[in-house]
Amino acid sequence: QVQVVESGGGLVQPGGSLRLSCAASGSIIDIHVMGWYRQAPGKQRELVATITSGDTTNYADSVKGRFTISRDNAKNAVALQMDSLKPEDTAVYYCSVNARVLFPFRIGDYWGQGTQVTVSS
C-alpha cells in the first residue's frame, strides 16, 4: 500500500504565501509524476501543477508565475510554494503521485486526503 500525506494548508490574506508539502510512503519502487490538484466548493477538481521525475513541470495558467512546484526524489516528496495568493485560490488541495508499487504490484495514481487553503482578509 501507499500512503500520501499533505501538510501546510491554512488561512492567509490576499497577497500572502503558503507552502504545501506532501510525502508518499510504502512499498514504492519509483514515482514518475507528482502533482497538486485543487477543488473549490461547487467546482470540479482541477490540475494546479505537476512535476516529473526528470523535473519537467506543468502549471495551470491561473497559477503560472505565482506557484512553484518542486520535488525531492530521495524522500518521495513534493512541495508547492504559493505566492501572491488570491481569494480564488481558496480550495482543498490534493497531492497525487503516479507510482510503481511492489506490494501488491501496481502502477497507478495515489491521492492524499487533502488540505484546506483559504485566502481571505
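The values are calculated or read from the model by the stated rules, or taken from the named source; none is laboratory data. If you're wondering where the values come from, they're calculated on a predicted model, not measured in any experiment. For neighbour counting, all protein chains shown are included, and Cβ atoms are generated from backbone atoms with ideal geometry for every residue, glycine included. Heavy atoms of the whole protein, side chains included, go into the accessibility calculation; ligands, DNA and RNA do not. Shrake-Rupley method; radii C 1.70, N 1.55, O 1.52, S 1.80 Å.
Whole number please: convex hull volume per residue of the Cα set in the range 29-97, in Å³?
Values: hull volume 5.8 nm³, N = 69.
Looking at the range 29-97, the number lands at 84 Å³ per residue.
Treating the beta-carbon of each Lys and Arg as +1 and of each Asp and Glu as -1, no other charges, what is the dipole magnitude of the chain about its Cα centre, to the nearest 20 debye?
On the way: 11 positive and 10 negative charges, 18 e Å.
Taking the Cα centre of the chain as origin, the dipole is about 80 debye.
Work out the FRET efficiency for ASP55 and GLN113 from their Cβ-Cβ distance, taking R0 = 30 Å, and round it to the nearest 0.05. Each step should come with its number before you reach the end.
Details: r = 26 Å, r/R0 = 0.87.
E(calc), rounded to 0.05, equals 0.70.
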Next on the checklist: Among SER120, PHE103, VAL92, which residue has its Cα furthest toward the positive end of the charge dipole of the range 62-121, with +1 on Lys/Arg Cβ and -1 on Asp/Glu Cβ?
Outcome noted: PHE103
Checklist entry - Can you give me the pair-distance distribution of the chain, C-alpha pairs, 5 Å bins, whole percents? => result 2, 12, 23, 24, 19, 11, 6, 3, 1, 0
Checklist entry - Roughly how big is the range 66-121's charge dipole about its Cα centre, with Cβ charges of +1 (Lys, Arg) and -1 (Asp, Glu), in debye to the nearest 20? => result 240
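What are the semi-axes of the equivalent ellipsoid of the range 58-111, taken as the square roots of 5 times the eigenvalues of the Cα gyration tensor, listed largest first and rounded to whole Å?
28, 13, 9
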Item to check | Carbon/sulfur fraction of accessible area - the chain, other protein chains in place, 1.4 Å, % | outcome: 50
Next on the checklist: Give me the one-decimal nm value for the distance between modelled label points at ARG66 and LEU102, 7 Å along each residue's Cα-to-Cβ direction.
Outcome noted: 4.2
Checklist entry - So, in nm, how far is label ASP30 from label SER84 when the simple model puts each one 7 Å beyond its Cα toward the Cβ? => result 3.6
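With +1 on the Cβ of every Lys and Arg and -1 on the Cβ of every Asp and Glu, and nothing else charged, how large is the dipole of the range 1-62 about its Cα centre, in debye rounded to the nearest 20?
Numbers: 4 positive and 5 negative charges, 48 e Å.
Computed about the Cα centre, the dipole is about 220 debye.
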Next on the checklist: Considering all alpha-carbon pairs of the range 15-56, what whole percent are spaced by more than 13 angstrom?
Outcome noted: 70
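Measuring with a 1.4 Å probe in the full set of protein chains, what accessible area per residue, in whole Å², belongs to the chain? It would help to have the intermediate numbers written out before the result.
Values: 6320 Å² over 121 residues.
With the other protein chains kept in place, the chain gives 52 Å² per residue.
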